[in-house]
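The values are calculated or read from the model by the stated rules, or taken from the named source; none is laboratory data. None of the values given here were measured: they were computed from a predicted structure. Every residue, glycine among them, receives a Cβ derived from its backbone with ideal geometry; neighbour counts consider all protein chains shown.
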């Protein structure tokens, strides 16, 4: 299991670097360990910076579907937004009201480097936005409604 960094650890504010070498065994090991850690901590999403890696990788598991996104980018957002309570493994036991678009379209790669597109709505859209924020050094407290 990987150690989850807890806020205010400065590493959580760093922007990540795009993955270039999909054959790197360290990348595959990181992804496997991130999934194990996310599940063990009863989370539904985890981004690489939360476990001390500066790679642009995140995982999510919603409705028993596992998503592993490498180099994800949000291509479009819905105009419609909703407010929902979000938790974060880097803020144990805390929840924040956050307004986010209800739908997103995401372009990413899978762990082998194959291009993938995801149209997400509801909880999945929220989780993926939260994790991609982590990859850009943005934390849930930055989006929380004051």
- Note on the structure: Conditions (1) free of Cβ contacts under 8 Å to residues at least 60 places away in the same chain; (2) touching a strand residue (DSSP E or B) at 6+ places or on another chain (Cβ under 9 Å); (3) surrounded by 13 or more Cβ atoms within 10 Å (Cβ to Cβ) -> residue 41 fails only (2)
- Task: With respect to residue 109, determine if the residue is under 16 Å from the mean Cα position of the chain (by Cα) and under 24 Å from residue 2 (Cβ atoms).
- Result: yes
- Inspect the stretch 56-68 for any residue being out of contact with any helix residue (DSSP H, G or I) (no Cβ under 9 Å at 6 or more places or on another chain), assigned to a strand (DSSP E or B), under 25 Å from residue 114 (Cα atoms) and modelled with pLDDT of 95 or more and give the result as yes or no. no
- For the stretch 101-135 the number of residues that are under 20 Å from residue 50 (Cβ atoms) and surrounded by fewer than 16 Cβ atoms within 10 Å (Cβ to Cβ) is 1
- Query: Is it the case that residue 89 is within 15 Å of the chain's Cα centre (by Cα), touching a residue at least 60 places away in the same chain (Cβ under 8 Å), within 21 Å of residue 142 (Cβ to Cβ) and assigned to a helix (DSSP H, G or I)?
  - Reply: no
- Message: Taking the criterion of being part of a strand (DSSP E or B) and either farther than 20 Å from residue 2 by Cα or in contact with a helix residue (DSSP H, G or I) (Cβ under 9 Å, 6 or more places away or on another chain) (or both), would at least one residue in the stretch 132-142 satisfy it?
- Response: no
- So which of 12, 30 is outside any loop (DSSP other than H, G, I, E, B), touching a residue at least 60 places away in the same chain (Cβ under 8 Å) and surrounded by 15 or more Cβ atoms within 10 Å (Cβ to Cβ)? 12
- Query: Among 80, 75, 94, which is the only one that is farther than 23 Å from residue 117 by Cβ, surrounded by fewer than 19 Cβ atoms within 10 Å (Cβ to Cβ) and in contact with a strand residue (DSSP E or B) (Cβ under 9 Å, 6 or more places away or on another chain)?
  - Reply: 94
